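K.L.:
This is the structure I have questions about; it appears just below.
The values are calculated or read from the model by the stated rules, or taken from the named source; none is laboratory data. Since this is a predicted model, take the numbers as computed values, not measurements. Neighbour counts run over all protein chains shown; Cβ positions are idealised from the backbone, glycine included. For the accessible areas, the whole protein counts, side chains as well, though only heavy atoms, and no ligand, DNA or RNA atoms are used. Shrake-Rupley method; radii C 1.70, N 1.55, O 1.52, S 1.80 Å.
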Amino acid sequence: MSSWPHKHIIDLAEFSLEDYQSVLELAKRFQSVPKSGARKLPALQGRFIAILFFEPSTRTRTSFELAAKSLSADVQTFSSSSSSLSKGESPLDTALTYVAMGAEALIIRHTCTGVPEQIAKALDKANKSTAVLNGGDGLHSHPSQALLDLFTLASFFQPNNPDISALKGRNIAIVGDILHSRVARSNLWSLTACGVNVTLCGPPSLLPKDFEQFVNNPPPGQLVDPIKKRGDISVSRSLKETLTDADAVLTLRLQKERMSQNLLADLGSYQREFGISHQSLEWCNKKIAVLHPGPVNRGIEMSSELVDDHSICLIEKQVANGIPIRMALLYLLMASK
Ligand code: CP
């Protein structure tokens, strides 16, 4: 495995194919490591990781904590409700406080786009060696979620060898509230990098047509795309057409908390047009996998029966895969230092 080139993990736009391969390779190895007890790996023994989530989370926060503990790191999970944020302390000063106490990695989630990057830049400017891992920021990026989705998809397509070769040439649909989804944005970088052709499907108010150009616009400051040839992105308004040729579908939560205006006439018609159910899966030409990052609005973006059908819906596998993927990320950022 070549040496890891990134100090921080903020956005998958900067990931090369070798980076994806390294993460999946390590995740495969870490899958069998127990989450507690004496058989934990000693890789990060004596290292201090702080989990600074300024926005609620169940899956990401808990699995980062389990991942860090599985590598024998010391972990502190910050609780915003009982912190000095209520006295007006900024996220940056909160982060600097943890760094002053010896944190070698900060895993940061914030409702505002750019907060993890802003903290990473401030740490670099202050010559601090602390790594920043983006646990989800605003509408921008959720890299660890997209990587665990990639691992789950590779494991579905190629159970004996879940690496990036399993993805090339596949047709994968992302359905629902793309506009408000940092998960969809990170998935667009990772899936197209691995040669997947992505169809985005949703109503115009939640899926502007210009998402077809999404990967042609790397983030400010990044001049070169590390991927030579990406898969295509297309936008569809028809769930039936989208599912017909799909090899897998990623459904997204309707993010009502991020909607500043009424973007849908009514939830019932959204559910009828874009909700995924056993009935809508009859349009598929083959047996496909259904993924969802969670939390799910049961009966809106996905039927409750489908959520509980683990022969099709891989939500449980996604959650389980979150731990080895996050172990891999922490290992890559910290173990060689
Ligand atoms: N998928 C995801 O980020 O879930 P949480 O908000 O529970 O972490």
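K.L.:
List the number of the failed condition for residue 316; all other conditions in (1) of a type outside the set (A, V, I, L, M); (2) more than 19 Å from the chain's Cα centre (by Cα); (3) in a helix (DSSP H, G or I) hold.
P.N.:
(2)
K.L.:
Related question: Which count do you get for residues in region 4-29 that are touching a helix residue (DSSP H, G or I) at 6+ places or on another chain (Cβ under 7 Å) and either open to solvent by less than 30 Å² (accessible area, probe 1.4 Å) or assigned by TED's automatic domain parsing to the domain that holds residue 89 (or both)?
P.N.:
15
K.L.:
Continuing with this model, one more query. What's the total number of residues in region 92-134 that are touching a helix residue (DSSP H, G or I) at 6+ places or on another chain (Cβ under 7 Å) and in contact (Cβ under 8 Å) with a residue 60 or more places away in the chain?
P.N.:
Within region 92-134, residues that are touching a helix residue (DSSP H, G or I) at 6+ places or on another chain (Cβ under 7 Å) and in contact (Cβ under 8 Å) with a residue 60 or more places away in the chain number 7.
K.L.:
Out of 290, 235, report the one residue that is closer than 17 Å to residue 309 by Cα and of a type in the set (A, V, I, L, M, F, W, C).
P.N.:
One residue alone meets the criteria, 290.
K.L.:
OK, next. Out of the residues in region 99-151 that are open to solvent by less than 10 Å² (accessible area, probe 1.4 Å) and of a type in the set (Ser, Thr, Tyr), state the one that is nearest to residue 336 (Cα to Cα).
P.N.:
Checked region 99-151; the qualifying residue nearest to residue 336 (Cα to Cα) is 130.
K.L.:
Considering only residues of region 46-62 that are more than 15 Å from the ligand (Cβ to nearest atom) and out of contact with any helix residue (DSSP H, G or I) (no Cβ under 7 Å at 6 or more places or on another chain), which is most open to solvent (accessible area, probe 1.4 Å)?
P.N.:
Looking at the filtered set, the residue picked out is 46.
K.L.:
Follow-up question, since we're still on this one. Considering only region 139-146, I want to know if a residue exists there that is outside any helix (DSSP H, G or I) and away from the ligand (no atom under 16 Å from the Cβ).
P.N.:
No, that holds for no residue.
K.L.:
List the strands (runs of 3 or more DSSP E) that sit entirely inside region 193-276 and contain at least 2 residues that are free of Cβ contacts under 8 Å to residues at least 60 places away in the same chain.
P.N.:
Fully inside region 193-276 and qualifying: 197-201, 233-236.
K.L.:
If you don't mind, another one. Within region 76-98, count every residue that is open to solvent by less than 40 Å² (accessible area, probe 1.4 Å) and at positive phi.
P.N.:
So the count comes out to 0.
K.L.:
OK, next. Consider region 30-69. How many of its residues are within 20 Å of the chain's Cα centre (by Cα) and either outside the structural domain of residue 102 (by TED's automatic domain parsing) or outside any loop (DSSP other than H, G, I, E, B) (or both)?
P.N.:
Summing the residues that are within 20 Å of the chain's Cα centre (by Cα) and either outside the structural domain of residue 102 (by TED's automatic domain parsing) or outside any loop (DSSP other than H, G, I, E, B) (or both) in region 30-69 gives 16.
K.L.:
Another question, if that's okay. Here is a list: 18, 89, 65. Which entry is free of Cβ contacts under 8 Å to residues at least 24 places away in the same chain and within 16 Å of the ligand (Cβ to nearest atom)?
P.N.:
Going through 18, 89, 65 in turn, the sole match is 65.
K.L.:
Of the residues 43, 73, only one is open to solvent by less than 60 Å² (accessible area, probe 1.4 Å), touching a strand residue (DSSP E or B) at 6+ places or on another chain (Cβ under 7 Å), aliphatic (A, V, I, L, M) and more than 29 Å from residue 296 (Cα to Cα); which?
P.N.:
Just one listed residue meets the conditions, 73.
K.L.:
Within region 277-299, restricting attention to residues that are within 16 Å of the ligand (Cβ to nearest atom) and not in a strand (DSSP E or B), which residue is most open to solvent (accessible area, probe 1.4 Å)?
P.N.:
Top of the filtered list is 295.
K.L.:
Here is a list of conditions, (1) under 23 Å from the mean Cα position of the chain (by Cα); (2) among the acidic types (Asp, Glu); (3) open to solvent by 30 Å² or more (accessible area, probe 1.4 Å), and residue 266 meets all of them except one; can you say which number that is?
P.N.:
Exception for residue 266: condition (1).
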